[in-house]
Ligand SMILES: Cc1cc2nc3c(=O)[nH]c(=O)nc-3n(C[C@H](O)[C@H](O)[C@H](O)COP(=O)(O)OP(=O)(O)OC[C@H]3O[C@@H](n4cnc5c(N)ncnc54)[C@H](O)[C@@H]3O)c2cc1C
């Protein structure tokens with residue numbers, strides 16, 4: 001793979017000349033090991049605390065896309081259409097499996113096939129973005145015999161896959177980190193081939209009610225014939241979604257919960273010693289941690305079904321998957337595209353440095369948040385269908401916090417910990433100790449709580465981590 005900051009070939013159509021670029025910087029905040037204040041509860045100070053900040057990251061501007069009221073999968077399809085056979089779109093938002101690495105990759109393959117159908121021999125193609133979609137698209141186009149360059153605004157590949165190697169050789173993932181055993185079988189097999197470690201995320205779920213100190217340990221729903229955890233939440237959401245699907249007009253999940261009677265049913269229900277309503281709230285928080293959407297914003301028609309698939313957590317360098325795709329492909333880092341001008345004859349790209357570059361066709365894989373912010377100017381304007389889709393689909397917030405400890409302060413070997421009946425921002429933790437032997441906890445936060453988390457400074461975050469973990473210091 002050729003990763004360059006300072007120079008690359010620039011050409012009009014298929015002819016090439018040399019252009020020297022000055023390096024742009026990745027404006028996304030770099031995760032840092034955070035010094036934490038003195039302990040005020042029984043949770044020790046983490047030896048390191050790393051956080052994502054997709055909400056404020058200029059080259060993401062949000063975590064993953066979701067469909068709010070008024071948007072439909074047709075908007076995603078419209079966004080995936082090419083314009084004049086010159087400008088193609090790929091990425092998680094214009095994919096059939098949004099919010100996932102596999103969806104982004106398959107949309108990259110789809111765009112490559114479409115482009116190849118109209119391309120002439122020896123054409124020169126630019127792919128904007130070295131994330132999952134861009135890397136897969138570039139690989140496919142190269143295999144089809146086209147000349148491909150990849151232009152990436154950050155000083156790293158991977159996009160919303162962000163693998164950070166610590167001094168001890170351990171990896172932290174601050175973006176995509178989990179894979180379905182079946183749905184992601186191809187990615188898991190490729191990671192195996194690349195010697196990138198992943199572990200089965202198998203174990204018990206612990207749900208703890210902060211208000212009453214009650215807690216239950218339940219098997220996750222992947223265990224055959226076992227009672228699903230959070231059944232109150234799952235049942236209530238399922239009944240609301242079923243109700244919403246029968247209505248003439250779309251509604252938010254929150255409205256559907258209310259109108260279907262699911263909220264009232266949950267309020268009177270219980271699971272073990274736990275009250276139904278906090279369980280429902282926790283269930284909605286866990287949905288937000290996957291979709292980035294609050295129940296008050298997400299369309300009830302298109303709320304994803306609760307997943308019962310067994311999963312694996314990537315513990316090696318996830319980004320190796322993309323670097324493998326990009327192997328041998330000219331990839332220019334720190335190269336932000338700010339303008340795309342297109343007509344029947346070709347495409348001219350304007351770079352953040354002021355230079356420009358001519359290619360035959362372009363594949364745009366930047367995140368929906370970047371398209372919404374219009375940091376890339378399209379000339380002429382994109383067709384109405386694309387602009388309507390960019391407006392209609394929303395971008396949700398998901399943030400991860402990884403806390404590493406010298407030794408575990410907890411005794412439970414449950415893998416997923418949920419806190420209900422609390423206003424804490426972090427209510428879901430994944431305990432890596434039973435999976436890897438490392439005393440590491442990963443907090444997952446979505447929706448409004450994710451946005452609030454992204455607004456905390458490092459001391460505030462450290463304090464929040466310790467307070468939200470305090471109830472688990474006393475768990476069984
Ligand atoms: C916190 C979090 C957790 C997640 N967890 C999972 C998970 O467990 N499993 C899963 O399957 N998926 C998960 N996802 C979703 C998954 O990460 C994404 O669906 C996927 O990585 C998106 O790939 P992409 O290529 O569409 O976009 P990106 O990876 O965002 O790639 C787009 C690229 O375009 C670049 N770019 C932006 N603007 C410009 C510009 N002007 N010029 C040039 N380049 C530009 C960006 O820097 C970026 O590298 C998670 C996402 C987040 C944020």
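None of the figures in this text is laboratory data; all of them are computed from the coordinates on show. Just so it is clear, the model here is predicted, and its values are computed rather than measured. With ideal geometry, Cβ positions are generated from the backbone for all residues, glycine too; neighbour counts draw on all protein chains shown.
Just a few scattered comments:
- Relative contact order (%) - the chain, alpha-carbon pairs under 8 angstrom, separation at least six: 26
- Rounded if a/c under 1.5, otherwise prolate or oblate - the range 116-175, Cα gyration tensor axes: prolate
- Once the chain from residue 473 to residue 197 is taken as fully extended at 0.36 nm per residue, the excess over their C-alpha distance is 96.5 nm.
- Computed with the Debye formula from one identical point scatterer per Cα of the chain, without solvent, the log10 of I(q)/I(0) at q = 0.10 Å⁻¹ comes to -0.76.
- Taking every C-alpha pair closer than 8 Å and separated by at least 6 residues, the mean separation divided by the residue count of the range 334-476 gives a relative contact order of 18 percent.
- Crossing angle, helix 101-118 versus the chain [Cα axis fit, 0-90 degrees, rounded to tens]: 20
- Gyration tensor (alpha-carbon) shape descriptor, the range 33-119, a/c threshold 1.5: prolate
- A straight chain from residue 448 to residue 189 at 0.36 nm per residue would run longer than the Cα-Cα distance by 89.7 nm.
- A convex hull fitted to the Cα coordinates of the range 68-132 yields 90 cubic angstrom per residue.
- Semi-axis lengths (Å, descending) of the ellipsoid that matches the C-alpha gyration tensor of the range 242-344: 41, 23, 12
- Distance between the modelled labels on residue 273 and residue 77, one decimal in nanometres: 5.2 nm (7 Å Cα→Cβ projection).
- For the Cα trace of the range 286-394, dividing Rg by the Kirkwood Rh returns an Rg/Rh value of 1.05.
- Computed lengthening from residue 409 to residue 373, 0.36 nm per intervening residue step minus Cα-Cα distance: 8.6 nm
- For the range 326-389, taking the reciprocal of the average inverse distance between every pair of different Cα atoms yields a Kirkwood hydrodynamic radius of 12.9 Å.
- Ordering of 364-371, 117-124 by packing [mean C-beta count within 10 Å, highest first]: 364-371, 117-124
- Shown is the FRET efficiency for residue 246 and residue 47, computed with R0 = 41 Å from the Cβ-Cβ distance and rounded to the nearest 0.05: 0.20.
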